[in-house]
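Comments concern the structure below.
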Amino acid sequence: MAYWHLNTTQVSVVKRFVARRVVHDLGAGDLTLAAKLLGLGAVGVTAVDERAPRFKPESEKIRFIKKAYVDLNEIPRTAFVSWPPGVGAMGLAKILEGARTVLYLGNNFDGSLCGTPDLWAHLRSRKVLAHEPARRNTLIVYGAPGAKRDPLPEEEAAVDYRKIRQFDSVYGG
């Protein structure tokens, strides 16, 4: 599965939130998403991962940092988090506290549980700017913290195994 796959609507949403910005790709993996973010209008991407990618970045606009989240000293203004693993996401919520915008891409309906409870507690405290569910990947764009709102189905499924439902039962398709 291509974890970074975005449908046409999601591409339009991501463009709105990354255009003319430096974006932190947290959990950058092989830098595929970092390159895609540049293609969608980001002026630069700071790619962060514990493991170095097999290949050097194809663009000088991609800066790679080999660090665990708990060791990262930068605070992103715009952060993209794609399929954060449970154990590997330790410290991610703390980094996101200072971000103005957080773009999340993942799926919690199949039991994979992207992220950690502290990450989801933090994301659930933020205003939702965009929500584009899709069977493979749901895109949620979060704004400022301090929002009082009901949790999205993806957020509920991420923190409570009993709430995991198939995509079809939630979105009727």
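Which of the residues belonging to region 122-152 are of a type outside the set (Lys, Arg), out of contact with any strand residue (DSSP E or B) (no Cβ under 7 Å at 6 or more places or on another chain) and modelled with pLDDT under 90? Let's see the steps before the verdict.
In the first step, residues of region 122-152 are kept if they are of a type outside the set (Lys, Arg); the result is 122-123, 125, 128-134, 137-147, 150-152.
Subsequent filtering for residues that are out of contact with any strand residue (DSSP E or B) (no Cβ under 7 Å at 6 or more places or on another chain) retains 122, 133-134, 146, 150-151.
Matches in region 122-152: Ala134, Gly146.
Count, please, the residues in region 51-74 that happen to be in contact with a helix residue (DSSP H, G or I) (Cβ under 7 Å, 6 or more places away or on another chain) and either modelled with pLDDT of 90 or more or closer than 17 Å to His122 by Cβ (or both).
Qualifying residue count for the region: 5.
Tell me, which strands (runs of 3 or more DSSP E) lie completely within region 1-111 with 1 or more residues that are small (Gly, Ala, Ser) and touching a Lys or Arg at 6+ places or on another chain (Cβ under 7 Å)?
On the way: elements: 22-26, 44-49, 62-66, 78-82, 101-106.
Qualifying strands (runs of 3 or more DSSP E): 44-49.
Could you list, in sequence order, the residues of region 116-162 that are out of contact with any Leu (no Cβ under 8 Å at 6 or more places or on another chain), of a type in the set (D, E, K, R) and either crowded, with 17+ Cβ neighbours inside 10 Å or assigned to a loop (DSSP other than H, G, I, E, B) (or both)?
Arg124, Arg126, Arg135, Arg136, Lys148, Arg149, Asp150, Glu154, Glu156, Asp160
Taking only pairs six or more apart or across chains, which ones have beta-carbon atoms under 9 Å, a first residue in region 75-86 that is closer than 9 Å to Val23 by Cβ, and a second residue that is surrounded by fewer than 19 Cβ atoms within 10 Å (Cβ to Cβ) and among the aliphatic types (A, V, I, L, M)?
Close Cβ pairs satisfying both conditions: Pro76/Val22; Arg77/Val22; Thr78/Val22.
The values are calculated or read from the model by the stated rules, or taken from the named source; none is laboratory data. As the structure is a computational prediction, the values presented were derived from the model and not from experiment. Positions of Cβ are generated from backbone atoms using ideal geometry, with glycine treated the same way; all protein chains shown enter the neighbour counts.
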